[in-house]
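Chemist: Pasting a structure below so you can have a look.
The values are calculated or read from the model by the stated rules, or taken from the named source; none is laboratory data. Bear in mind that the values here come from a model prediction, so they are computed numbers and not experimental data. Don't worry about glycine lacking a Cβ; one is built from the backbone with ideal geometry, like all the others, and counts go over all protein chains shown.
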Amino acid sequence: MERKNLWAPWRIKYIQTLSHKDGCFLCDYLAEHGKDRDNGVLWRTDHAFVVFNKFPYNNGHLLIAPNRHIPALDEATEDELLCIIKLVRDCQKVLSLAIGPHGFNVGMNFGRCAGAGLPGHLHVHIVPRWDGDTNFMHVCSDTDVISQGLYELYDQLVEISRRENLPQK
């Protein structure tokens with residue numbers, strides 16, 4: 001059987017970051033206010049923020065993180081916890097209006113052995129899902145199929161956020 005390749009050259013940036021233990025891209029994004037679109041920062045609140053996962057499992061994959069660099073839920077304040085769960089709700093709403101997923105995976109990974117790519121900064125994954133979506137590709141060939149450009153969806157979610165009076169930067 002002839003082997004076929006599905007090229008995903010943008011993944012090399014993620015692969016190269018796995019060997020770098022210093023720094024936190026979430027904290028870097030928080031410090032770079034003028035680069036929110038470039039960094040994929042969708043919303044900022046007093047306690048947490050929402051950012052696109054630049055190496056997504058599916059179209060619209062968002063991350064929600066506290067503004068403070070903390071590794072675990074037991075270090076989060078009540079205000080941070082409340083803000084994070086409200087942002088989960090708001091992300092589901094704006095993604096539903098923008099791209100109409102049939103469901104969502106919402107989850108957290110604690111520790112590298114549990115799948116955390118950034119174990120030092122607590123974050124929640126919001127992954128839109130569709131009946132019959134292509135995520136079997138990841139299981140079969142370690143490949144993800146993303147059906148829409150990151151910045152196209154970013155601009156769409158910003159517009160819907162304004163219209164729906166959801167959190168703004």
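Chemist: Within the range 66-84, how many residues are surrounded by fewer than 14 Cβ atoms within 10 Å (Cβ to Cβ) and of a type in the set (Val, Ile, Thr)?
Modeler: Qualifying residue count for the region: 1.
Chemist: Now for a different question. Note down all Cβ pairs under 9 Å where the first residue falls in the range 71-85 and is part of a loop (DSSP other than H, G, I, E, B), the second is among the charged types (D, E, K, R) and surrounded by 13 or more Cβ atoms within 10 Å (Cβ to Cβ), and they're at least six residues apart or on different chains.
Modeler: The qualifying pairs are Ala76/Arg68; Thr77/Arg68.
Chemist: Name the residue that is nearest to Ser96 (Cα to Cα), counting only residues in the range 129-169 that are among the hydrophobic types (A, V, I, L, M, F, W, C) and modelled with pLDDT under 70.
Modeler: Residue satisfying both the conditions and the ranking: Ile146.
Chemist: Please specify each residue of the range 72-117 satisfying the condition of being over 22 Å from Phe55 (Cα atoms) and among the β-branched types (Val, Ile, Thr).
Modeler: If the condition is that a residue be over 22 Å from Phe55 (Cα atoms) and among the β-branched types (Val, Ile, Thr), then Thr77, Ile85 are the ones that fit.
Chemist: Name the pairs: first residue in the range 152-163 and in a helix (DSSP H, G or I), second residue modelled with pLDDT under 85 and buried (at least 18 other Cβ atoms within 10 Å of the Cβ), Cβ to Cβ under 8 Å, at least 6 apart or on different chains?
Modeler: As it stands, the answer is Ile160/Leu166; Ser161/Pro167, since those pairs meet every condition given.
Chemist: Now for a different question. Is it the case, given these coordinates, that Phe49 is at pLDDT below 95, in contact with a Lys or Arg (Cβ under 9 Å, 6 or more places away or on another chain) and either surrounded by 14 or more Cβ atoms within 10 Å (Cβ to Cβ) or part of a strand (DSSP E or B) (or both)?
Modeler: The answer is no for Phe49.
Chemist: Which pairs do you get when a residue that is under 11 Å from Lys86 (Cβ atoms), found in the range 41-52, comes within reach of a residue that is acidic (Asp, Glu), reach meaning Cβ atoms under 7 angstrom, with the pair 6+ apart or on two chains?
Modeler: Between residues of the range 41-52 that are under 11 Å from Lys86 (Cβ atoms) and residues that are acidic (Asp, Glu), the close pairs are His47/Asp79; His47/Glu80; Ala48/Glu80.
Chemist: Taking the stated definitions as given, is Asn59 part of a loop (DSSP other than H, G, I, E, B), under 20 Å from Asp155 (Cβ atoms) and of a type in the set (S, T, N, Q)?
Modeler: yes
Chemist: Could you grab me the full set of residues in the range 104-131 that are surrounded by fewer than 13 Cβ atoms within 10 Å (Cβ to Cβ) and either in contact (Cβ under 8 Å) with a residue 12 or more places away in the chain or part of a strand (DSSP E or B) (or both)?
Modeler: Gly107, Asp131
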